[in-house]
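K.L.:
First the structure, which I've put down as structure tokens, then a few questions once you've had a look.
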Amino acid sequence: EIALPEPVVDVVDANHVLSDSQPILNVDILTCTKEDLAFTSPFRLRAQRNDYVHAFCAYFECAFTQVHKPIGFSTAPFAKYTHWKQTIFYTRQTLTICEGEEITGTISCSPNPKNNRDLDIAMDVAFDGQHSKINTKLEYRLR
């Protein structure tokens with residue numbers, strides 16, 4: 001109970017990712033403000049195989065395009081390793097999911113009011129599958 005609300009930053013094996021990916025935020029670092037970094041975004045993840053869902057995985061991709069030789073990188077599980085790794089949001093309930101089924105919801109992220117270096121992250125998650133159902137709010141604090 002104490003550990004679940006704190007996301008884990010670690011390496012996720014690409015073979016453990018069972019769904020497609022969906023961007024939840026696009027930021028132009030030339031024009032964004034700190035207010036742009038507090039957001040709520042919908043998501044829809046489609047299972048690529050029959051499996052169990054224990055967690056959600058977050059990562060970022062970055063491109064520097066306003067230079068002579070554009071460069072970019074990804075921290076995705078299926079990309080070359082970086083020290084940023086991935087962020088794992090474990091769930092309280094394990095879901096049984098079948099290929100083609102979808103988990104939908106929204107994710108919200110904002111600085112914690114008491115310590116703006118911490119992030120408060122909430123996910124409203126809905127799933128109505130053949131073997132599992134869930135409609136819940138998951139809350140995390142990334143320190």
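The values are calculated or read from the model by the stated rules, or taken from the named source; none is laboratory data. These figures come from a predicted structure and were not determined experimentally. For neighbour counting, all protein chains shown are included, and Cβ atoms are generated from backbone atoms with ideal geometry for every residue, glycine included. To get the accessible areas, we keep the full protein, side chains included, count just its heavy atoms, and leave off ligands, DNA and RNA. Shrake-Rupley method; radii C 1.70, N 1.55, O 1.52, S 1.80 Å.
K.L.:
Report Rg/Rh for the chain, rounded to two decimals, where Rg is the Cα radius of gyration and Rh the Kirkwood radius.
P.N.:
In the chain, Rg relative to Rh is 0.98.
K.L.:
While we're on this one: Among residues other than Ala55 whose Cβ falls under 13 Å from its Cβ, what is the net charge (Lys/Arg +1, Asp/Glu -1)?
P.N.:
Residues near Ala55 contribute -3 overall.
K.L.:
Read phi for every residue in the range 86-98 and hand back ³J(HN,Hα) as whole Hz from Karplus 6.51 cos²θ - 1.76 cosθ + 1.60, θ = phi - 60°, with x for Gly and Pro.
P.N.:
My calculation for the range 86-98 gives 10, 10, 10, 10, 6, 9, 6, 10, 7, 9, 9, 10, 10 Hz in order.
K.L.:
Also, I was wondering about something else. Calculate, in nm to one decimal, what Ile2 and Asp36 gain on full extension: separation in residues at 0.36 nm each, minus their alpha carbon distance.
P.N.:
In short, 9.2 nm is gained.
K.L.:
With labels modelled as points extended 7 Å from the Cα through the Cβ direction, what inter-label distance (nm, one decimal) is found for Asn26 paired with Asp51?
P.N.:
2.7
K.L.:
Right, next: Give me the one-decimal Kirkwood hydrodynamic radius in Å for the range 69-117, with the sum taken over alpha-carbon pairs.
P.N.:
Final number for the Kirkwood radius of the range 69-117 is 15.3 Å.
K.L.:
In addition: For the range 25-68, what is the charge dipole size about the Cα centre, in debye to the nearest 20, if Lys and Arg each add +1 at the Cβ and Asp and Glu each add -1 at the Cβ?
P.N.:
240
K.L.:
Go ahead and set up a Gaussian network model of the chain, Cα springs under 10 Å, then flag whichever of Ile71, Ile88, Ile24 fluctuates most.
P.N.:
Residue with maximal mean-square fluctuation among Ile71, Ile88, Ile24: Ile71.
K.L.:
Using Cα centres only, tell me the gap between the range 78-143 and the range 1-30 in whole Å.
P.N.:
About 8 Å separates the Cα centre of the range 78-143 from the one of the range 1-30.
K.L.:
Please get the size of the charge dipole for the range 16-143, origin at its Cα centre, with Cβ charges of +1 on Lys and Arg and -1 on Asp and Glu, quoted in debye to the nearest 20.
P.N.:
Dipole of the range 16-143, to the nearest 20 debye: 440 debye.
K.L.:
Right, next: Considering only protein heavy atoms and a probe of 1.4 Å, how much of the accessible area of the chain is carbon and sulfur, as a whole percent?
P.N.:
Of all accessible area on the chain, carbon and sulfur atoms account for 52 percent.
K.L.:
What accessible area per residue, rounded to a whole number of Å², is obtained for the range 15-143 using a probe radius of 1.4 Å?
P.N.:
On a per-residue basis, the range 15-143 sits at 69 Å².
K.L.:
A follow-up question, please. Just the projected area, averaged over all directions, of the convex hull on the alpha carbon atoms of the range 4-72: how many nm²?
P.N.:
Mean projected area for the range 4-72: 6.9 nm², to one decimal.
K.L.:
For the range 1-65, which trypsin sites (Lys or Arg not before Pro) are in a loop by DSSP, counting at most 11 other Cβ atoms within 10 Å?
P.N.:
For trypsin sites (Lys or Arg not before Pro) across the range 1-65 that sit outside H, G, I, E and B with at most 11 neighbouring Cβ atoms in 10 Å, the list reads Arg49.
K.L.:
Can you compute the modelled spin-label distance between Arg141 and Lys80, with each label point 7 Å from Cα toward Cβ, in nm?
P.N.:
3.8
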